[in-house]
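Worksheet: the structure to be examined is printed underneath.
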Amino acid sequence: MISASTEIPEQIGASKIALSHEQGRIVSAAEREPWLVVCGGFHQHGGMDRANLALAEYLRSSGHEVFLVGHDFDQERTKGFTRREVPRFLGSTALGERGLWQIGKRQAERLAQEHPRARVVVNGGNCCFGDINWVHYIHNGYPSTYRNAPIWIRWKDQFLRAMYRRREALALRSARLVIANSQTAARQVITEVGVPASRVKVVYLGCSPDSRPATVSERTAAREWLKIRPTDRVLAFVGALTWDENKGLETLWRAWEKTSHIFGGNCILVVAGAGAKLARWRSRIAASDLGQSVRVLGFTERVNDVLAAADVLVSPSRYETFGLNVQEAICRGVPAIASASAGIAEIYPEEMRPLLLPDCEDSDGLSRLIKRCLDDLEKWKERTRAFADQLRSYTWSDMAKRIVEVASEANG
């Protein structure tokens, strides 16, 4: 069992989400310590990057001086921040992370010397500094599976994963405070990495209060863009297409082969996401009998439009400490089938739990869930609307505020 220090924060319960309310005295500008955040990116295109951008924006709006170290920046939304861009040497993520570790640590040490009360946030194994580590993914807890990958991909993965695990363990164990984005992540930080439970807290990811179900015109425009008829049923998949099949498209594809014929050609699968297996997936789908019923988009900035067109999101992930794609779909009014092992499953209310997949490899079980959802779609949409209202009451700002509160408590 995880200790009380890693319980679900008060803002979120298994079926209840409520706003937190600020208490206490007014803090002068002189008392507001500067913050440094080290992350791969500060933009809207990834769960971790979006969350770190939200934290940075909240800190600045609260009067803190904020320093950012990362690879990629939303140029408009990070305007006015003190930024240090770290290039990815030769375009390599692994070499880029080495630079992020070195430059982030150097910047943190310099800031701590100039401002002894400064706070430093790193993310997992991207940097090592003895303050706050906000972990979104635990390499030591992820069971790597590369069953169909070329041998050189498997060798590369073994080498990189060993390196990532060493860095991660060093960074997490040296942190004064580890913030996990779910109980699932917290449990792995404690059991797989060996961080004392007293140093681990859970803060769930927030969401945009403006994220609403698509209007009729938005839905129509999105379906026209995707060349989908108004009467078609639409399943959406949003996730990276990697060799380890972590996001579960392989399971979904097997389920789709069993399910699509049931709806007589009036059901479309939309796949949004890039990755090393994108070209192979496109070829495989095009060569199948179901190619006409699938839209493979690759990377797209129009995920909101994909969700506007969708009736159901399917996310049978093998490993997911949270699952921001699922949360975003629900906030858009789209029922979401997700793995029961994903972090976001922890906050599914009881009436939504029948849409959780117990075994992420079970394509037969997933096929049954898809049919159950599509057969009674209005019921699941109604339940999703109630869940979405709860989710929207816990915003990105609430998340960031909670992080600041937890950091302050840990600081004594």
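Miscellaneous remarks
- Of all residues in region 231-246, one or more are over 20 Å from Pro316 (Cα atoms) and assigned by TED's automatic domain parsing to the domain that holds Glu301.
- When residues of region 198-224 are limited to those that are part of a helix (DSSP H, G or I) and within 26 Å of the chain's Cα centre (by Cα), the one nearest to Ala407 (Cα to Cα): Arg199
- Checked against the criterion of being within 24 Å of the chain's Cα centre (by Cα), modelled with pLDDT of 95 or more and among the charged types (D, E, K, R), the candidates Arg110, Arg98, Arg119, Arg88 yield just one match: Arg119.
- Every residue from region 256-303 that is of a type in the set (Lys, Arg) and closer than 12 Å to Leu241 by Cβ: Lys277, Arg280, Arg282, Arg284
- Residues considered: Thr251, Thr220, Thr259, Thr242. Of these, the only one that is in contact with an Asp or Glu (Cβ under 7 Å, 6 or more places away or on another chain) and more than 30 Å from Asp131 (Cβ to Cβ) is Thr251.
- Search result, residues across region 358-400 that are of a type outside the set (Gly, Ala, Ser) and outside any helix (DSSP H, G or I): Pro358, Asp359, Cys360, Glu361, Asp362, Asp376, Tyr394, Thr395
- For region 74-91, the tally of residues that are surrounded by 19 or more Cβ atoms within 10 Å (Cβ to Cβ) and part of a strand (DSSP E or B) stands at 0.
- Residue satisfying condition, being buried (at least 21 other Cβ atoms within 10 Å of the Cβ), part of a helix (DSSP H, G or I) and outside the structural domain of Lys201 (by TED's automatic domain parsing), within set Ile330, Ile337, Ile403: Ile330
So that you can scan it fast, the table gives a plain yes or no per residue for (1) outside the structural domain of Ala51 (by TED's automatic domain parsing); (2) within 26 Å of Cys373 (Cβ to Cβ); (3) small (Gly, Ala, Ser); (4) more than 22 Å from the chain's Cα centre (by Cα):
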position	(1), (2), (3), (4)
Ile153	no, no, no, yes
Gln158	no, no, no, yes
Ala162	no, no, yes, yes
Arg165	no, no, no, no
Val193	no, no, no, no
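- Scan of region 47-68 for residues that are free of Cβ contacts under 8 Å to residues at least 40 places away in the same chain, surrounded by 21 or more Cβ atoms within 10 Å (Cβ to Cβ) and part of a helix (DSSP H, G or I), ordered by number: Asp49, Leu53, Ala56
- Residue under evaluation Leu36, criteria (1) at pLDDT 85 or above; (2) assigned to a helix (DSSP H, G or I); (3) hydrophobic (A, V, I, L, M, F, W, C), criterion not met: (2)
- Residue that is within 21 Å of Arg166 (Cβ to Cβ) and surrounded by fewer than 18 Cβ atoms within 10 Å (Cβ to Cβ), where the choices are Ala108, Ala94: Ala94
The values are calculated or read from the model by the stated rules, or taken from the named source; none is laboratory data. What you see is a predicted model, and the numbers here were worked out from it, not measured in a lab. Reconstructed Cβ throughout: ideal geometry from the backbone, glycine too, with neighbour counts over all protein chains shown.
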